[in-house]
1. Of everything in the stretch 73-87, what is out of contact with any helix residue (DSSP H, G or I) (no Cβ under 8 Å at 6 or more places or on another chain), of a type outside the set (Lys, Arg) and not in a loop (DSSP other than H, G, I, E, B)? Give them in sequence order.
2. Can you pull out the residues in the stretch 13-59 that are within 13 Å of ALA79 (Cβ to Cβ) and among the aliphatic types (A, V, I, L, M)?
3. What do you reckon, is PRO53 within 16 Å of the chain's Cα centre (by Cα) and open to solvent by 70 Å² or more (accessible area, probe 1.4 Å)?
4. Residue by residue through the stretch 28-49, note down the ones that are part of a loop (DSSP other than H, G, I, E, B) and in contact (Cβ under 8 Å) with a residue 40 or more places away in the chain.
5. In the stretch 11-50, what residues are hydroxyl-bearing (Ser, Thr, Tyr), under 19 Å from THR89 (Cα atoms) and exposed (fewer than 13 other Cβ atoms within 10 Å of the Cβ)?
6. Select from the stretch 1-10 the residues that are part of a loop (DSSP other than H, G, I, E, B) and open to solvent by 60 Å² or more (accessible area, probe 1.4 Å) and write down the one among them that is modelled with the lowest pLDDT.
7. Identify all residues within the stretch 56-85 that are closer than 18 Å to GLN14 by Cβ and open to solvent by 50 Å² or more (accessible area, probe 1.4 Å); write none if there are none.
Amino acid sequence: MGTSKRLAPHYDLQAQHRAILAAAKAGPLQSLTDRELALREHPLTIYPQPLKPVLAWVRFGPEAVRVDAKLARSTPLAAGIEFRAGDQTFRCWV
C-alpha cells in the first residue's frame, strides 16, 4: 500500500509533535540564562507577529529535539522562539 506524498508534511508534523510531547515528559524546557542573554548589554527586538519559520534544537531535561519554530524575539546573540505541540505552546531562548 502506497503513501500519499500530499499528506507527507502532515504526518511529519504529527511525528514531530509526538516527539516534542514525549521529550517534555523527560524534564522542563531549557532556555538561555539571564547571563547568557545579556539583555542589559544588547538590544532586544520583539516582533509583533512571530516572523520567520526556523529550525532549532531545544532541550527538555536531557532530551534534545529538533523543532519547527517561529522567531518571536531576538538579540544579536540569541533568538526567542515559540513552537506548538498538541494544545501547548512552548517558548524559549536559543
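The values are calculated or read from the model by the stated rules, or taken from the named source; none is laboratory data. All of these numbers come straight from a predicted model, not from anything done at the bench. Cβ: placed from backbone, ideal geometry, glycine included. Neighbour counts: every protein chain shown. Ligands, DNA and RNA are stripped out before the accessible areas are found, and what is left, the full protein with its side chains, is counted by its heavy atoms. Shrake-Rupley method; radii C 1.70, N 1.55, O 1.52, S 1.80 Å.
1. Residues satisfying the conditions are SER74, ALA79, GLY80, ILE81, GLU82.
2. LEU32, LEU37, LEU44, ILE46, LEU51, VAL54, LEU55, ALA56, VAL58
3. Details: within 16 Å of the chain's Cα centre (by Cα): yes; open to solvent by 70 Å² or more (accessible area, probe 1.4 Å): yes.
The answer is yes for PRO53.
4. Within the stretch 28-49, GLN30, SER31, LEU32 qualify.
5. none
6. MET1
7. ARG66, ASP68, ARG84
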